[in-house]
Amino acid sequence: MTSLGDKGEGHRETTGSWTQVSCPCCVSEQVEPLVLIQLSDNIQPVTKRWLISLIEVSERDGGAALLAHPGEDECGDVIVVSAPRCTLLRATEDLGLCKKYHNGDMVAFSYNDRDNFRNVDDMQEFLTLAERQCIVKYELDFLRAQKGQKIPGVPESQGVLKARENICQKLEKAGVIKDIFPLHDKQRLTDLCRNWYSGKQIWGQPLDSIQAYFGGTVGFYFSFLDFYTWALVPPAILGLVLTFLLPGGGSGAGVVKEQAGGVVEVDDSPSVSGHMVQAVFSMLWSTLVMEFWKRRSSSLSHSWGLLHLAERFAEPRPGFHGTLGINPVTGRLEPLFPEWQRQLRVGLVSVPLVGFFLGMVVLGMTGFYHGEALAQGFHQDSGSLFSGSLLYLPSVAHIVYTNMLGNVYRTVAMQLTEWENHREESSFQNHHTTKVLLFTFFNYFAVLFHIAFYKQDLPLLRKRLASLLIVTQLVNQCTEVVVPFIVDRFFSAPQKKQQEDDPNVDKLRAQRSLPPFPGLFAEYIELLVQFGYLSLFSCVYPLTAVLLLLNNVTEIRADAYKICKLFRKPFSAPVSNIGVWQTAFEVLGFVSVMSNCWLLLLSPRVREFCLEGGISGRNIILFAILVEHVLILVKMILAFMIPDEPDWVRIKREQIEFHSMQALGQQVRGLSL
């Protein structure tokens, strides 16, 4: 039997060999296993042969133009998929990837001009591993039936394909395909782990290697996490200075006050100057961080060849379904779904369900206030150390409640968006992300805004924020560091050692046994909430940035460890930035101006300072409004003055666009001749 790494020479006549490629330029290539299709345990050999034949045939004949290997034997439950050079090159052009031209410039790849690109004869140099695997998934996702037919070896109740129906999605529903995932390259992964998190370094990540192995989505997440963590250093230093060095700046220099009942409380609110410095700094910091991140993002996008990405408009997303008909735009036979039905689903089902979960947030907030009142009453009656510790119990209970509610809601939001049946992947992602962001903002920040601006209780706000930061970080460290480490070291390690020592163990089975990667949605949500705590409320608790910085230093290594060791390798589509998350961070930065201005106004020390200076309450409000508008103007001027991309990136982007126009013109002239 030909091994998975051997060359496929000649037409496949024996079980277990790679198929021969009809394209002459691909015959002598070394075949590289890229993607594994995990089939049902009771898969029929006729069904497996039929699927392999679909994977192999050309796109013109309704196939994916890929290479397939049946794994251990034709009765096995896996198919290993690779891609010939010609398929990889054509898909590179379809996706709009940029590669190095013969003069060293990054240029949008053109198949007709392929001989002028560097390393075009060596696919492992020309394309990253993540790009090659993404192209295989790209081709499999758009496998569609040319005509109505029955799937061999599958009961007719489940195995009838309609014309233009998505084949892989149909096979997944019928239980034929259990999963499709990219394969790890053991040597590359070992090298990446050694350079990424196995050493003693605290700062710095091999971002180019991460992007090459895991793809653009993962690469940009870790790039943003790295950039954001470095950006926390200035506010962390300022927070330490205000807390421990500035008189009256924090818990290190509190003012003792005596409340009713003889209860002594330490007022650790910042001084007037410290409060103002922290508030203005937070507003400007949130603007500068996102503006400089845009520049950093555009530089990475250019160096990774992602400045000119294209989207295949003609094909609907794999999960899209509907009545078969002619698309009025493309003229192709494909599933159609009326827009009015989608809007009806959104308006009559999705919106009310989102509103229901927002109501659950309000219910939790009401319970928190009730528990807070009970704890305060008990503490005033007893005044003991035990009763004082109970003051934090309502906050802790509410944090646990909001986290559980958030997990349930994220599942519901995904199911709702799937049910809405969006045709384009971008529309699906936008609707899903909007649902989650709306709930996240309400779930995590509503109680803080209510405490700050309705109850106007800054000591309670400070206590609540401290509880959120400390409890959330403890929970995150346990769930993201301690628990995965224990599972991997004490439960998974013996099994992995046995598989490595036994040469008869199927190496693919070890990867199949890993759970699928859960994605980066929860990781971005965590960063967004962090950013909100710091930019919106840090003026009442200057140590916010210090706690976030300590958390993120371990977060980088923990996330790296998880994606490398604890999960299957994920598919990662080419992207040019962090997408809609960038907009979400910018919105929070804008809201921070209003939040900090009014928190400054509500500060008792600021009010006392203004009243001592003879400023009336009405003039204080007018002054706060004036300051708010001035700071918004300053924020807009800063955003305008700082270009979203460096000049050299802008020039490179325009050169890429110019070269693409020239290449298109040459193709048109060639066709006319």
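So, with a 1.4 angstrom probe, what is the percent of accessible area on segment 132-220 that is carbon and sulfur?
On the way: 1930 of 3830 Å².
Within segment 132-220, the accessible surface is 51 percent carbon and sulfur.
So, for segment 303-431, what is the accessible surface per residue at a probe of 1.4 Å, expressed in square angstrom?
About 54 Å² of surface per residue is accessible.
Let me know the volume per residue of the alpha-carbon convex hull for segment 535-658, in Å³. Mind showing how you got there, number by number?
On the way: hull volume 21.4 nm³, N = 124.
Dividing the Cα hull volume of segment 535-658 by its residues yields 173 Å³.
Compute the length gained on full extension between Arg295 and Ile651: take 0.36 nm times their separation in residues and subtract their Cα-Cα distance, giving the result in nm to one decimal.
Values: separation 356, 0.36 × 356 = 128.16 nm, distance 1.36 nm.
Here the segment from Arg295 to Ile651 would lengthen by 126.8 nm.
Using 5 Å bins from zero, what percent of all Cα-Cα pairs in segment 347-398 falls into each bin?
5, 20, 19, 14, 12, 8, 8, 6, 4, 3, 1
Based on C-alpha coordinates, I'd like the Rg and Dmax of segment 524-567, in Å.
According to the Cα coordinates of segment 524-567, Rg and Dmax are 12.7, 40 Å.
Quick check on my link table: of Lys48/Lys147; Lys178/Lys569; Lys294/Lys435; Lys562/Lys652, which ones sit more than 26 Å apart, alpha carbon to alpha carbon?
Working: Lys48/Lys147 19 Å; Lys178/Lys569 16 Å; Lys294/Lys435 24 Å; Lys562/Lys652 36 Å.
In this structure, Lys562/Lys652 exceed 26 Å between Cα atoms.
With every protein chain present, what accessible area does Trp419 have (1.4 Å probe, heavy atoms only), rounded to the nearest 10 Å²?
Ignoring ligands and nucleic acids, Trp419 comes out at about 110 Å².
Viscosity 0.692 mPa s, temperature 37 °C: what is the translational diffusion coefficient of segment 413-463 from Stokes-Einstein with a Kirkwood Rh over Cα pairs, rounded to a whole number of µm²/s?
Details: Rh = 12.9 Å.
This corresponds to a translational diffusion coefficient of 255 µm²/s.
For Phe517, what charge total do you get from the other residues with a beta carbon under 12 Å from its beta carbon, if Lys and Arg give +1 and Asp and Glu give -1?
It works out to a net charge of +1.
Tell me, what % of the accessible area of segment 539-640 is carbon and sulfur with a 1.4 angstrom probe? Display every interim value, and only then the final one.
Numbers: 3360 of 4580 Å².
With neighbouring chains kept in place, the figure for segment 539-640 is 73 percent.
Packing-wise, with mean Cβ within 10 Å as the measure, how do 556-565, 343-352 rank, highest first?
Details: 556-565: 19.2, 343-352: 12.9.
Top to bottom by mean Cβ count within 10 Å: 556-565, 343-352.
Considering every pair of different Cα atoms, what Kirkwood radius, in Å, is found for segment 319-467? Let's see the in-between values first.
Values: mean 1/r = 0.0548 Å⁻¹.
Evaluated over segment 319-467, this radius sits at 18.2 Å.
Can you sort Glu32, Glu339 by solvent-accessible area, 1.4 Å probe, largest first? Before the final figure, lay out each step's value.
Numbers: Glu32 30, Glu339 95 Å².
Largest accessible area first, the list is Glu339, Glu32.
Taking the Cβ-Cβ separation of Val57 and Asp94 as r and a Förster radius of 22 Å, what is the calculated FRET efficiency to the nearest 0.05?
Numbers: r = 18 Å, r/R0 = 0.83.
So, using R0 = 22 Å, E works out to roughly 0.75.
For Ala83, what is the net charge nearby, where nearby means another residue's Cβ is under 9 Å from its Cβ and Lys, Arg count +1, Asp, Glu -1?
Details: positive: Arg85, Arg132; negative: Glu32, Glu139.
My count for the surroundings of Ala83 gives 0.
With +1 on the Cβ of every Lys and Arg and -1 on the Cβ of every Asp and Glu, and nothing else charged, how large is the dipole of segment 271-419 about its Cα centre, in debye rounded to the nearest 20? Intermediate results must be reported in sequence, preceding the final value.
Details: 9 positive and 8 negative charges, 94 e Å.
That gives segment 271-419 a dipole magnitude of about 460 debye.
Whenever you get a sec, line up Met365, Met276, Met290, Met636 from highest to lowest accessible area (probe 1.4 Å, protein heavy atoms). Provide the component values of the computation, followed by the final result.
Numbers: Met365 25, Met276 90, Met290 5, Met636 115 Å².
Ranked from most to least accessible, the order is Met636, Met276, Met365, Met290.
Tally Lys/Arg at +1 and Asp/Glu at -1 over every other residue whose Cβ is under 15 Å from the Cβ of Pro352; what's the total? Before the final figure, lay out the partial values.
On the way: positive: Arg345, Lys435; negative: Glu420.
Result for the neighbourhood of Pro352: +1.
Considering only protein heavy atoms and a 1.4 Å probe, what is the carbon-and-sulfur percentage of the accessible area of segment 293-442?
Numbers: 5210 of 7600 Å².
Accessible surface attributable to carbon and sulfur in segment 293-442 totals 69 percent.
Run the 1.4 Å probe and let me know the accessible area of Glu165, rounded to the nearest 10 Å².
Solvent-accessible area, nearest 10 Å²: 50 Å².
The values are calculated or read from the model by the stated rules, or taken from the named source; none is laboratory data. The model shown is predicted, which means the values in this text are computed figures rather than measured ones. Please note: Cβ atoms are built from the backbone with ideal geometry, for glycine as well, and neighbour counts cover all protein chains shown. Ligands, DNA and RNA are stripped out before the accessible areas are found, and what is left, the full protein with its side chains, is counted by its heavy atoms. Shrake-Rupley method; radii C 1.70, N 1.55, O 1.52, S 1.80 Å.
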